[in-house]
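Could you have a look at this structure, given as structure tokens, before my questions?
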Amino acid sequence: MMQQYQPATSHAPLLEVDNLVVEYPVGARTVHAVSGVSLQIARGETLGLVGESGCGKSTLGRAVLQLRRPTSGKVLFDGQDLTAMQGDTLRLMRRRVQLIFQDPIASLNPRRRIGDIVAEPLMIAGVKDPAKRKQLVDEVLAAVGLDPALVVGRLPHEFSGGQCQRICIARALVLNPEFIICDEPVSALDVSIRAQILNLLEEMKSRFGLTLLFIAHDLAVVKAVSDRVAVMYLGRLCEVGPSEQLFAKPAHPYTALLIEAIPVPDPDVRPTETVRVGEPPSPIAPPSGCRFRTRCPRADARCSAEMPELRVVAPGQLVACHHPLI
Amino acid sequence: MLSVENVAVELPTPRGNLRAVDHVNLTVGAGRTLGVVGESGCGKTMLSRAILQLLPKKAKLSGRVMFDGQDLLQLSPEKLRKLRGRSLAVVFQDPMTSLNPVLTIGTQLIETLQEHLELDQATATKRSVELLAAVGIPAPEQRLTQYPHQLSGGMRQRVAIAIALSCEPKLLIADEPTTALDVTIQAQILDLLAREQRRRHMAMILITHDLGVVAGRTDEVAVMYAGRVVERAPTPALFKKMRMPYTEALLAALPRIDAAPHTPLPAISGRPPDPTRPLKGCSFSPRCRYAVARCHAEKPDLAEAETPAHQYACFHPIENHAGAAA
Ligand SMILES: Nc1ncnc2c1ncn2[C@@H]1O[C@H](COP(=O)(O)OP(=O)(O)OP(=O)(O)O)[C@@H](O)[C@H]1O
Ligand SMILES: Nc1ncnc2c1ncn2[C@@H]1O[C@H](COP(=O)(O)OP(=O)(O)O)[C@@H](O)[C@H]1O
Ligand code: SF4
Ligand code: SF4
Ligand SMILES: [Mg+2]
Ligand SMILES: [Mg+2]
């Protein structure tokens, strides 16, 4: 259970998610998108969140921001419960938390000029002085490596995917937030642009003193930027731990599968065809007990009868598995 | 099996002529896999569309494409259509490009089989079930009545592969077949393609922007940049000793699982040149860290390395490469 976890600093965590449940009704049935997730992120830390498509990563991110109200559970940001907040209080709080999406082009309004897109959060926040707005927009565009003079008057379609992602990052930074949720910010980008954007996020993080929740489906990408990694499967956390430790000694069979799936740029490393069978089952009727059991090579009777809880296996490393690898 | 000789593709645009493919030479033998690697926009898709003769109407194509003893550029549209259904198959990044959203999986497979192999309904149905099973789709009989939108992205790509394989093609072109998918599903689809390629002794072209994808899964690699092949080698030779700075830079930009978190990635700065404004010198020169005056003035031709099979276009090839990125 998460209460056993001690954050890296002695301070209270900036974000604390406690037993969060998010469900979507579909007709008479229910999609169990997030089912009891608890995690903590210390100020200044980057927590990576990794898992396959549909496992609930975006839902979790949106529920943290209260863009989707959770079915139950708490989201404490800087000690205050966002799930209990409404209206203006919530809006004020949200300024401190921003979101960056996977598809940079789709998340920019195609009819608005870049200068207006980046200034929009300032307008909403009530920065009335146009000169002040322009100054802040120019600063933040320059910070993400764009020349304000060249970009403010142009439209999103005039930019490549990588440039659009820079613009999205600028828009997220303009209100000087403390916390950014990056939802697969590089999944739609090719290798070279991906490296540029990952470096940019790292640079912005130290420059603006940010705390990040970094969502991706590729463990190699997640490891490049994260202090700790949380692995998610079908709405539940499988494993949480310091990045290097998790790679060196994964405790959960699913973490091991994700590591094995990373393409290695070395022809002598033959891709193995072992455990990567099947796809995740439907979140409408998740398997009993351990949700990973239908794909797990170690599954036994106990795994279908009893749901494994997160418990400590090594310092700072927690796993939810009856038969962990370590 | 396939030999691409001096193929060039030009597209008229309002900004001037765009040279998408610039005098490319390639060969793929039966039972062999060629990887084509490069950043987005470097001409990979246009090259595969040139081979398939599926270019936009206004495109100007020159050169020769010899396939199975015939020059595809000389064939009648009718003959070409027949060939594309039977001997020459393609799988796209977005499986919906090749699937019809309003027809069931079964109808699409059965119609393809009936049209090209002239099978009767019962035999075609039986063959369809076998094909779906071969590409790893559980409960294939039930899938026949489902529509593409009822399947996950990975399943749809499997169906697209089943259709591509249905007429026993001699050459399969897979254009970024896994770029839209998760790492785990990517690994499954790449395994599937490799298995079917070996079993059928097909020739295959695997297009990707990720050198990690081609490393363990191809016999030969061609690296493309700004419409040209800039390095070409048997896969082991390429990874053992890369010659072209661009290839090295593409490899270095990949996040490495053995690197510590927060290690800055050696990203390639900037973007490829505007294809309507070709450079006088080496097209990689504005981004190349080894560039000297000559690189900006003259275009390097493809030259031979130790063996004729290893070619590169560079005035200052990397001499001592240890196999991994510097
Ligand atoms: N508005 C909605 N109504 C019903 N079901 C939904 C809704 N949004 C998401 N879901 C379902 O909830 C589950 C989790 O979705 P979510 O988008 O969080 O996954 P994800 O991990 O972000 O996946 P991806 O990588 O595909 O974006 C999925 O099964 C999804 O189909
Ligand atoms: N239909 C088209 N009309 C004009 N230009 C195109 C068209 N399709 C692609 N291009 C251009 O051709 C070049 C190569 O594109 P493409 O082969 O699609 O690259 P890749 O597949 O490597 O991403 C790019 O500059 C692209 O913008
Ligand atoms: S609890 Fe059982 S099924 Fe689940 S991951 Fe562990 S061994 Fe596998
Ligand atoms: S020719 Fe010059 S600019 Fe081009 S890749 Fe070689 S060293 Fe770099
Ligand atoms: Mg998502
Ligand atoms: Mg393409």
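The values are calculated or read from the model by the stated rules, or taken from the named source; none is laboratory data. Keep in mind the model is a prediction, meaning the values are calculated, not measured. We place every Cβ from the backbone using ideal geometry, glycine too, and count neighbours over all the protein chains shown.
Which of the following residues is away from ligand 6 (no atom under 16 Å from the Cβ), aliphatic (A, V, I, L, M), under 23 Å from B:LYS82 (Cα atoms) and more than 14 Å from the chain's Cα centre (by Cα): B:ALA30, B:ALA59?
Going through B:ALA30, B:ALA59 in turn, the sole match is B:ALA30.
Filter the range B:1-29 down to residues that are on the phi < 0 side of the Ramachandran plot and in contact with a His (Cβ under 6 Å, 6 or more places away or on another chain), then give me how many there are.
Qualifying residue count, the range B:1-29: 1.
Hey, another quick one. Which members of the range B:26-51 meet the condition of being more than 15 Å from B:SER3 (Cβ to Cβ) and more than 9 Å from ligand 2 (Cβ to nearest atom)?
Answer for the range B:26-51, where residues must be more than 15 Å from B:SER3 (Cβ to Cβ) and more than 9 Å from ligand 2 (Cβ to nearest atom): B:GLY31, B:THR33, B:GLY35, B:VAL37.
Another question about this same structure. Among B:ALA164, B:ALA122, which is the only one that is among the aliphatic types (A, V, I, L, M), more than 13 Å from chain A (Cβ to nearest Cβ) and farther than 26 Å from B:MET1 by Cβ?
Only one candidate passes the filter, namely B:ALA122.
Let me ask something additional. Do you know which residues across the range B:167-179 are within 22 Å of A:ASP103 (Cβ to Cβ), more than 9 Å from chain A (Cβ to nearest Cβ) and surrounded by fewer than 24 Cβ atoms within 10 Å (Cβ to Cβ)?
Scanning the range B:167-179 gives B:ASP175, B:GLU176.
Restricted to the range A:51-88, and to residues that are at negative phi, away from ligand 1 (no atom under 16 Å from the Cβ) and of a type in the set (D, E, K, R), which residue is surrounded by the fewest Cβ atoms within 10 Å (Cβ to Cβ)?
Within the range A:51-88, the match that is surrounded by the fewest Cβ atoms within 10 Å (Cβ to Cβ) is A:ASP88.
Okay, moving on. So which pairs qualify, if the first residue must be in the range B:24-49 and closer than 13 Å to B:GLY227 by Cα and within 14 Å of chain A (Cβ to nearest Cβ), the second must be of a type in the set (Lys, Arg) and more than 14 Å from ligand 6 (Cβ to nearest atom), the Cβ gap must be under 9 Å, and the two must be at least 6 apart or on different chains?
B:GLU39/B:ARG271; B:GLY41/B:ARG271; B:CYS42/B:ARG228; B:GLY43/B:ARG19; B:GLY43/B:ARG228
Right, next: Any residue at all in the range B:196-216 that is among the β-branched types (Val, Ile, Thr) and either surrounded by fewer than 24 Cβ atoms within 10 Å (Cβ to Cβ) or away from ligand 6 (no atom under 16 Å from the Cβ) (or both)?
Checked the range B:196-216: no residue is among the β-branched types (Val, Ile, Thr) and either surrounded by fewer than 24 Cβ atoms within 10 Å (Cβ to Cβ) or away from ligand 6 (no atom under 16 Å from the Cβ) (or both).
Still on this structure, I have one more. Just to verify a result, which residue in the range B:130-150, among those that are in contact with a Pro (Cβ under 9 Å, 6 or more places away or on another chain) and buried (at least 18 other Cβ atoms within 10 Å of the Cβ), is nearest to B:GLU196 (Cα to Cα)?
Ranking the qualifying residues of the range B:130-150, first place goes to B:LEU131.
Quick one: which residue in B:ILE257, B:ILE318, B:ILE268 is buried (at least 18 other Cβ atoms within 10 Å of the Cβ) and away from ligand 5 (no atom under 16 Å from the Cβ)?
None of the other options fit; the residue is B:ILE268.
Which of the residues spanning the range B:191-235 are under 22 Å from B:THR307 (Cβ atoms) and at the interface with chain A (Cβ under 9 Å from one of its Cβ atoms)?
Listed by number, the residues that qualify are B:LEU211, B:VAL214, B:ALA215, B:GLY216, B:ARG217, B:THR218, B:THR235.
So which pairs qualify, if the first residue must be in the range A:295-323 and closer than 25 Å to A:PRO242 by Cα, the second must be aromatic (Phe, Trp, Tyr) and more than 8 Å from ligand 3 (Cβ to nearest atom), the Cβ gap must be under 7 Å, and the two must be at least 6 apart or on different chains?
From the range A:295-323, the pairs are A:LEU318/A:TYR5.
Still on this model: Take the residues in the range A:12-34 that are more than 20 Å from the chain's Cα centre (by Cα) and either under 23 Å from A:ARG96 (Cα atoms) or not hydrophobic (A, V, I, L, M, F, W, C) (or both), then tell me which one is surrounded by the fewest Cβ atoms within 10 Å (Cβ to Cβ).
That would be A:GLY27.
Considering only the range B:1-25, state which residues are aliphatic (A, V, I, L, M) and either closer than 20 Å to B:ASP71 by Cα or modelled with pLDDT of 95 or more (or both).
Of everything in the range B:1-25, those that are aliphatic (A, V, I, L, M) and either closer than 20 Å to B:ASP71 by Cα or modelled with pLDDT of 95 or more (or both) turn out to be B:MET1, B:LEU2, B:VAL4, B:VAL7, B:ALA8, B:VAL9, B:VAL21, B:VAL24.
Okay, residues lined up against (1) at pLDDT 95 or above; (2) of a type outside the set (Phe, Trp, Tyr); (3) in contact with a Lys or Arg (Cβ under 8 Å, 6 or more places away or on another chain):
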| residue | (1), (2), (3) |
| --- | --- |
| B:THR27 | yes, yes, no |
| B:VAL36 | yes, yes, yes |
| B:GLU39 | no, yes, no |
| B:LYS44 | no, yes, no |
| B:MET66 | yes, yes, no |
| B:GLY69 | no, yes, no |
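Answer yes or no as to whether B:ASP274 is under 25 Å from A:LEU201 (Cα atoms) and either more than 8 Å from every other protein chain (Cβ to nearest Cβ) or outside any loop (DSSP other than H, G, I, E, B) (or both).
For B:ASP274, the condition - under 25 Å from A:LEU201 (Cα atoms) and either more than 8 Å from every other protein chain (Cβ to nearest Cβ) or outside any loop (DSSP other than H, G, I, E, B) (or both) - is not met.
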